[in-house]
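Comments concern the structure below.
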Amino acid sequence: MMTLGILSFLKPTPYMTKIAQHSVSRMTVFHFTPQQLTWEEEINGLRFCPEKLEWVSDSFPIPSFIYDRCFYSTLSARGLSGRVERLKQDDAHRFLGYGLPNKWIVYQALSTDPALSSFFPKTLRLTTPTFLLANLQLEKKWLLKPIQGSQGKGLIKVEASNGLLLAKEVNQPGERLFTFRSSLQFQQWLHTRMQKTSYIFQPFLPLQNEEGCPFDIRLLLQKDGNGEWQERIRIIRTGIPHHITSNLAGGGRMHTFTSLSKSFSSALKRKLEDDIRKIVTHLPVLLEKEFRPLFELGLDLGLDNRMNLWILDINSKPGHKIVTMTAKHVQQEIYEAPSKYCAHLDFSLGNKMGVE
């Protein structure tokens, strides 16, 4: 029987348990952490027990298929990432998705594509504080993004206003405002941030609703049992008034997509639908052409006050809180997707090796 290992720093979440429950007819599901990943014959972790419908302690060989849900955002986590990278080089084990490089590399790879280039905001690599100051002469508001960031953490909005430099930094769930009366003060402050974090920066886009709340469109894409990309969910996330992000970790709320589009004319609805379809059709294929295979994607799209659609973020390890916003049969498809995709990979690999 096939085996699937869910790799995570966290204990099994309800989402992971749902995956296990919907996989028992196809495979045995395990859970382990990078700390437990050793090169002995067996590792110690958890096995999902279908009779008890719970996780139990067990020892087992490294599973054939790995669903990597790890985020290497802390120093200790990054210290363990080498173990996972070593496992990715082992042909005996197949990852459902191999992740993406940093935002700057992804932007460089995708932004020149003819089908997608118009959806990417102008993006620059932040090399020095003075480089940002020079660009503030051209645009008064910029958004700095950590190239390895997620959930909106560490975003910085920089604005030149009435002779002052204002920097609003996201520290989930809150935001902190810094005011600088001189460019030298600002440069010193930003320099300390840049010593720990690498950034890209983009013009700050008008992506707020009539109440001044930031909002975006979140899409969840997954591969199905035939290895084809499917759009599973499309929702709206709105944030706290006058905040930068609409991320759920920062207090954002979920709404149905129709809550946004119901007020649009038929022509605007068609334009928005055509733009989203173009992104969904081209972006996953191009990502896998440029980088390694993927299983799922979270796409954050922004819609400005001129009805221009923007690609804001691409996440190869998306959160799954939004699953509750969709119909029961779609939830079932999402929970079944990892095991069905494993079966597809198993069949495909067997055919490549000449197995009937």
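Derivation of every value follows stated rules applied to the coordinates shown; laboratory data play no part. Predicted model only: the values in this text are computed from it and were never measured. Neighbour counts are summed over all protein chains in view; Cβ atoms, including those assigned to glycine, are modelled from backbone coordinates with ideal geometry.
I need 64, 339, 348 ordered by Cβ neighbour count within 10 Å, fewest first.
Ordered by Cβ neighbours within 10 Å, fewest first: 348, 64, 339.
Rounded, prolate or oblate for segment 133-248? Axes are the square roots of the Cα gyration tensor eigenvalues, ordered a ≥ b ≥ c, and the cut-off for rounded is a/c under 1.5.
prolate
Quick one: go through segment 142-181 and flag any residue whose amide nitrogen is under 13 Å from the point 7 Å out along the Cα-to-Cβ line of residue 188.
180-181
If you only keep lysine pairs separated by 8 or more in sequence, or across chains, how many in segment 71-182 come under 26 Å at the Cα atoms?
25
Which lysines does residue 262 reach when only Cα atoms under 28 Å apart count, and residues fewer than 8 places away in its own chain are ignored?
Within the straight-line limit of under 28 Å, residue 262 reaches these lysines: 271, 278, 321, 328.
Sorted by packing (mean other beta-carbon atoms within 10 Å per residue), highest first, where do 92-102, 173-183 land?
Packing proxy ranking, top to bottom: 92-102, 173-183.
Around residue 172, which amide H atoms from residues at least 5 apart in sequence, or from another chain, sit under 5 Å from its own amide H, with H modelled in the peptide plane?
Close amide H contacts, sequence-distant or interchain: 154.
Mind pulling the angle between the C-alpha long axis of helix 328-352 and the longest principal axis of the chain? Nearest 10 degrees, somewhere in 0 to 90.
60
Relative to the longest principal axis of the C-alpha atoms of the chain, give the angle of the C-alpha long axis of helix 183-196, reported between 0 and 90° and rounded to the nearest 10°.
10
Per residue of segment 91-97, in order, report the coupling 6.51 cos²θ - 1.76 cosθ + 1.60 (Karplus, θ = phi - 60°) as ³J(HN,Hα) in whole Hz, putting x for Gly and Pro.
3J(HN,Hα) across segment 91-97, in whole Hz: 5, 6, 10, 10, 7, 5, x.
Taking neighbour Cβ counts within 10 Å as the exposure measure, how do 127, 28, 13 sort from fewest upward?
Listing 127, 28, 13 from fewest to most nearby Cβ atoms yields 127, 13, 28.
Any chance you could check the Cα centroid distance between segment 212-270 and segment 109-133 for me, in angstrom?
What the calculation gives is 23 Å, centre to centre.
What distance in nm separates the two pseudo spin-label positions at residue 127 and residue 91, each 7 Å out from Cα along the beta-carbon direction?
Those two pseudo-labels are separated by 4.2 nm.
How far is helix 266-290 tilted, in degrees, relative to the longest principal axis of the Cα atoms in the chain, given as a value from 0 to 90 rounded to the nearest 10?
For helix 266-290, the angle is close to 60 degrees.
With 10 angstrom as the radius, rank 244, 105 by how many other C-beta atoms surround their C-beta, starting from the fewest.
Listed from fewest to most nearby Cβ atoms, that is 105, 244.
Counting other C-beta atoms within 10 Å, and keeping those with at most 14, which DSSP coil GluC sites (Glu not before Pro) do you find in segment 1-96?
Answer in residue order: 40, 41, 42, 51.
Considering only DSSP beta bridges where both residues belong to segment 2-95, give the percentage that are antiparallel (nearest 5).
45
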